[in-house]
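The values are calculated or read from the model by the stated rules, or taken from the named source; none is laboratory data. Just so you know, these numbers come straight off a predicted model, no measurement behind them. As a convention, Cβ positions derive from the backbone with ideal geometry for all residues, glycine included, and neighbour counts pool all protein chains shown. Calculation scope for accessible area: heavy atoms of the full protein, side chains included, ligands and nucleic acids excluded. Shrake-Rupley method; radii C 1.70, N 1.55, O 1.52, S 1.80 Å.
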Amino acid sequence: MNTQISPLFNDIKQVLIDEEAIALRIREMGEKITQDYRGKDLILLCVLKGSLLFAPDLMRHIQVPLVLDFIAISSYGDATSTSGVVRIVKDLEESIENRHVLIVEDIVDTGLTLGYLIKALKLRKPASIRTCTLLDKPVRRILEVPIDYKGFEIGDHFVVGYGLDFAGRYRNLPAIGILKDELINRA
Ligand code: 5GP
């Protein structure tokens, strides 16, 4: 399929990861997770809203019984960075006590959000907590956080698409790309 057809691509200065590469990598990640979680009571924890496309696509490739739950967090910051002050705005419905939790994140940047989440969830006494992220920006890290499953490492770019937004938009772009500078500066 030619993703360049979407008019959303007009706002992108560079496509970093195209739709096919995303799909291939997610399949590999799902296969690895399947091996690791055989026989375990798995809760897949989709972090809203950024993982809204990633989590269900990943789930299709995880061939062990699992329960899906959602958590929504809001972090304070400007348009393209987080301050690390995080608040749970929608909590889980499931109890995670004695269960194996896999957090599914869109991107780990400073690490502050994931660090906060791991700390908050550990208090609920899960059997284990692991983390899975589609994207990792290691050069931006402030807090070291464990990443057990990683899709792609990227450089210091603000990216959109495949669930990731800028001011609420571009989540429906099927690839991951860098917005044109004038669009970021205008906001
Ligand atoms: P951290 O707490 O690791 O700095 O940032 C985590 C959150 O910041 C991500 O879940 C995401 O919502 C947002 N974020 C960080 N980098 C980017 C990026 O390049 N693009 C978008 N759209 N969001 C980002």
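Rounded to the nearest 5, what is the percent of antiparallel bridges among the DSSP beta bridges in the chain?
Roughly 35 percent of the DSSP beta bridges within the chain come out antiparallel.
Could you give log10 I(q)/I(0) at q = 0.16 Å⁻¹ for segment 13-74, computed by the Debye formula over C-alpha point scatterers of equal weight, without solvent?
One equal scatterer on each Cα of segment 13-74 leads to -0.57.
Expected output is a single nm value to one decimal: the length gained when fully extending between Leu68 and Lys13, i.e. 0.36 nm times separation in residues minus the C-alpha distance. What is it?
Residue separation times 0.36 nm, minus the Cα-Cα distance, leaves 16.3 nm.
So how much slack lies between Ser95 and Glu144, counting 0.36 nm per residue of separation and subtracting their Cα-Cα distance, in nm?
15.0 nm
What FRET efficiency do you get for Arg186 and Arg25 if R0 is 25 Å and r is their Cβ-Cβ distance, rounded to the nearest 0.05?
That pair, Arg186 with Arg25, gives E of 0.20.
Using the Cβ atoms and a cut-off under 12 Å, what net charge is assigned to the surroundings of Phe70, where Lys and Arg are +1 and Asp and Glu are -1?
-2
Restricting to Cα pairs below 8 Å that are 6+ residues apart, what does the relative contact order work out to for the chain? Please round to a whole percent. Kindly include the intermediate steps, with their values, before the conclusion.
Details: 354 pairs, mean separation 46.3, N = 187.
Dividing the mean separation by the residue count of the chain yields 25 percent.
Under the 0.36 nm per residue contour assumption, what length would be gained going from the current alpha-carbon distance of Arg38 and Lys119 to full extension? Each step should come with its number before you reach the end.
Values: separation 81, 0.36 × 81 = 29.16 nm, distance 2.55 nm.
Between Arg38 and Lys119, full extension yields an extra 26.6 nm.
Determine the per residue accessible area of the chain with all protein chains present and a 1.4 angstrom probe, expressed in square angstrom.
Values: 9630 Å² over 187 residues.
Per residue, the chain has an accessible area of 51 Å².
Roughly how compact is the chain, stated as its Cα Rg over 2.2 N^0.38 Å to two decimals?
Dividing the Cα radius of gyration by 2.2 N^0.38 Å gives 1.01.
Per residue of the chain, what 222 nm ellipticity follows from adding -39500 (n - 2.57) for every DSSP H run with n ≥ 4, rounded to the nearest 500?
-6500 deg cm²/dmol
Take the solvent-accessible surface of the protein heavy atoms, probe 1.4 Å, and return the percent of it on the chain that carbon and sulfur atoms account for.
Its accessible area is 50 percent carbon and sulfur atoms.
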